[in-house]
Amino acid sequence: MIRLALLRHGHTDWNRAGRIQGRSDIPLDEAARAELRSYALPAGWQQAELWSSTLMRASETAELVAGRKPRTAPELIEMNWGDWEGLHGLDLKADPGSGFRDIENWGWDYRPPGGETPAEVWDRLEPWLASLTRDSIAVCHIGIMRMILARAHGWNFIGPAPFRIKRNRLFVVEISGSGLNPLADPVRLHRRDTL
């Protein structure tokens, strides 16, 4: 049995503005860098294999929190939002003709125009998950975390999600021959001044 801890990258200017980032390689903002420097991995995770998305906001988050460079995996790159990347989610939601849907109404086959479905994201993630050989941390994106946690919880993107993704927490799943299983509560990162 292998544990995988998922950590969302720190804030970017686009996050704070409500813009859809997807695969756009937007850096962390200065406030996020300062905040992340104050965190460290909790006990039991310092020696885990460290992975991140190839996007700089994820790889920099990994290095700031763990104090070492991560291995990068293209499979961990954010969901492709196609034509909607860079746009404001609230504007799309307010336009009935946009086709934008809240996550509770996606299903696995929802596709943003020119983008990627959750099922396609899962298809690229599943072989990477199967390749892990020891406890690992993946610093990635909310979309990637949603796909993995959805599978672990048996959620099909219909109705309210059985989890809420917050920053500065490790969301842990166990990987076994029978699939993915979520562990109880997210594990908070430690403040460096309390170590």
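The values are calculated or read from the model by the stated rules, or taken from the named source; none is laboratory data. On a predicted model such as this, the values are computed, not experimentally measured, just so you know. A quick note on method: Cβ atoms are made from the backbone with ideal geometry, for glycine too, and the neighbour counts reach across all protein chains shown. The area values use the complete protein model at the heavy-atom level, side chains included, leaving out ligands, DNA and RNA. Shrake-Rupley method; radii C 1.70, N 1.55, O 1.52, S 1.80 Å.
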- Task: Sort out which residues of the stretch 184-195 are exposed (fewer than 15 other Cβ atoms within 10 Å of the Cβ) and in contact with a strand residue (DSSP E or B) (Cβ under 8 Å, 6 or more places away or on another chain), and write them in order of number.
- Result: R188, R191, R192, L195
- Answer yes or no: is there a residue in the stretch 80-87 that is in contact with a Phe, Trp or Tyr (Cβ under 9 Å, 6 or more places away or on another chain), small (G, A, S) and closer than 16 Å to H9 by Cβ. no
- Flagged pairs (Cβ under 7 angstrom, 6 or more apart or on separate chains; first in the stretch 173-191, more than 20 Å from S131 (Cα to Cα) and free of Cβ contacts under 8 Å to residues at least 60 places away in the same chain; second among the hydrophobic types (A, V, I, L, M, F, W, C) and open to solvent by less than 70 Å² (accessible area, probe 1.4 Å)) are P186/L170; P186/F171
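Would you tally the residues in the stretch 1-29 being crowded, with 17+ Cβ neighbours inside 10 Å, over 18 Å from G67 (Cβ atoms) and of a type outside the set (G, A, S)?
14
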- Message: Restricting to the stretch 119-150, give me the number of residues that are out of contact with any strand residue (DSSP E or B) (no Cβ under 8 Å at 6 or more places or on another chain), surrounded by 20 or more Cβ atoms within 10 Å (Cβ to Cβ) and either more than 15 Å from R23 (Cα to Cα) or of a type in the set (K, R) (or both).
- Response: 3
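Each row is one residue, and each column tells you yes or no for (1) open to solvent by 30 Å² or more (accessible area, probe 1.4 Å); (2) touching a Ser or Thr at 6+ places or on another chain (Cβ under 6 Å); (3) not polar (S, T, N, Q).
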position	(1), (2), (3)
A31	yes, no, yes
Q46	yes, no, no
R57	no, yes, yes
A62	no, yes, yes
V65	no, no, yes
T72	yes, yes, no
D91	yes, no, yes
R101	yes, no, yes
W106	no, no, yes
- Inspect the stretch 89-109 for any residue being within 25 Å of W155 (Cβ to Cβ), among the charged types (D, E, K, R) and touching a Gly at 6+ places or on another chain (Cβ under 8 Å) and give the result as yes or no. yes
- Among helices (runs of 4 or more DSSP H) entirely inside the stretch 17-111, those with 1 or more residues being of a type in the set (V, I, T), touching a helix residue (DSSP H, G or I) at 6+ places or on another chain (Cβ under 9 Å) and in contact (Cβ under 8 Å) with a residue 40 or more places away in the chain are 56-66
